[in-house]
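Notes for the one structure printed next.
Nothing in this text is a laboratory measurement; each read-out follows from the coordinates by a stated rule. The shown structure was predicted, so the numbers you read here are calculated from the model rather than taken from an experiment. Using ideal geometry, Cβ is built from the backbone for each residue, glycine included, and neighbour counts are taken over all protein chains shown.
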């Protein structure tokens, strides 16, 4: 749930649309999320991804709230800090 909450908060802070892959644990377990679902085929055909890697687990990284990618971004980490989502 931390990962989804951070996805939603980071997306809103950056003006992005949150997307969840239906094959991930979050996508399979939580079906009623307020994010568009992607199936495995859509993910594999999407061309380019930027990857944002959390620097340290259980710690806030302010870079996440000001991403400047012009493409899809994959979030990699646990994102357990409340500061990723306190604004929503």
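Output the 0 to 90 degree angle, nearest 10, between the alpha-carbon long axis of helix 2-14 and the longest principal axis computed from the alpha carbons of the chain.
80
What number, in percent, do you get for the relative contact order of the chain if the mean sequence gap of Cα pairs under 8 Å and at least 6 apart is divided by its residue count?
Answer for the chain is 37 percent.
Rank the residues 56, 12 as a footprinting-exposure proxy: fewest other Cβ atoms within 10 Å of their Cβ go first.
56, 12
How big is the convex hull of the Cα atoms of the chain, per residue, in Å³?
It is 90 Å³ per residue.
So what's the back-of-envelope 222 nm ellipticity for the chain, counting only DSSP H runs of four-plus at -39500 (n - 2.57) apiece and dividing by all residues, rounded to 500?
-7500 deg cm²/dmol
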